[in-house]
Amino acid sequence: MPYAEDLLTSNKRYPHWSVEYRIRKQLRRDATSLIAPMRVPRLQHAAIYYVLHPRKLSRSRDPGNWAPAAKAYIDGLVTPDPKQPLLRHLLPDDDHTHLLGPNPVMGEPVGSGCARMSLVIVELTKPLTSGNAETVTGIDAPTYMT
């Protein structure tokens with residue numbers, strides 16, 4: 001994803017709701033700007049992993065705290081124009097029948113600047129359920145129950 005000095009986290013408290021809204025709107029625009037140049041294909045089912053590349057600090061990290069930023073990016077990939085909610089790009093919808101995730105993954109720390117995020121999009125042949133986990137993911141047993 002493009003470099004952003006402000007990424008949403010579940011731990012950060014903003015002084016006013018409009019600050020969080022402005023950041024979310026910018027993250028959506030950043031994701032939308034990648035659709036056409038990268039020629040992202042339209043998928044029916046996908047799993048999305050977001051890889052957090054944190055700043056170098058000597059404390060532990062929880063990549064799940066960056067889920068709000070990943071959600072904003074995915075919203076920008078699926079519905080690029082909030083004024084036209086039926087216009088979809090990456091997936092028909094970002095609900096559970098089309099999307100598995102976003103799932104957090106910890107990446108290598110960045111050398112300078114702020115934390116960065118990458119999205120890994122994996123096409124699935126059909127929706128993932130507890131009954132077809134082996135054929136969709138290649139894992140012997142389902143990791144969750146529906």
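For L43, state whether it is surrounded by 16 or more Cβ atoms within 10 Å (Cβ to Cβ), in a loop (DSSP other than H, G, I, E, B) and touching a helix residue (DSSP H, G or I) at 6+ places or on another chain (Cβ under 8 Å). Please lay out each step first, then the result.
Working: surrounded by 16 or more Cβ atoms within 10 Å (Cβ to Cβ): yes; in a loop (DSSP other than H, G, I, E, B): yes; touching a helix residue (DSSP H, G or I) at 6+ places or on another chain (Cβ under 8 Å): no.
Criteria not met by L43.
Can Y73 be described as outside any strand (DSSP E or B) and touching a residue at least 60 places away in the same chain (Cβ under 8 Å)?
So Y73 passes the test.
Taking interchain pairs and intrachain pairs at least six residues apart, which have beta carbon atoms under 6 angstrom, with the first residue in the range 23-45 and within 18 Å of R88 (Cβ to Cβ) and the second of a type in the set (D, E) and outside any helix (DSSP H, G or I)?
Note: pairs meeting the criteria are L43/E123.
Could you list, in sequence order, all residues of the range 101-129 that are surrounded by 12 or more Cβ atoms within 10 Å (Cβ to Cβ), under 20 Å from A69 (Cα atoms) and touching a His at 6+ places or on another chain (Cβ under 8 Å)?
G107, P109, V110, A115, R116, M117, S118
Please pick out the residue among R42, R28, R24 that is basic (K, R) and under 19 Å from P104 (Cβ atoms).
The conditions single out R24.
Given the conditions (1) more than 14 Å from the chain's Cα centre (by Cα); (2) modelled with pLDDT of 85 or more, report the number of the one that R59 does not fulfil.
Answer for R59: the failing condition is (2).
Any idea which of L99, L86 is modelled with pLDDT of 90 or more, out of contact with any Ser or Thr (no Cβ under 6 Å at 6 or more places or on another chain) and either among the basic types (K, R) or closer than 19 Å to V40 by Cα (or both)?
L99 is the lone residue from the list that is modelled with pLDDT of 90 or more, out of contact with any Ser or Thr (no Cβ under 6 Å at 6 or more places or on another chain) and either among the basic types (K, R) or closer than 19 Å to V40 by Cα (or both).
Among T32, T9, which is the only one that is in contact with a Gly (Cβ under 7 Å, 6 or more places away or on another chain) and either buried (at least 16 other Cβ atoms within 10 Å of the Cβ) or more than 22 Å from T125 (Cα to Cα) (or both)?
Going through T32, T9 in turn, the sole match is T32.
The values are calculated or read from the model by the stated rules, or taken from the named source; none is laboratory data. Everything quoted here is computed from the prediction, not taken from an experiment. All Cβ positions, glycine included, derive from the backbone under ideal geometry; neighbour counts span all protein chains shown.
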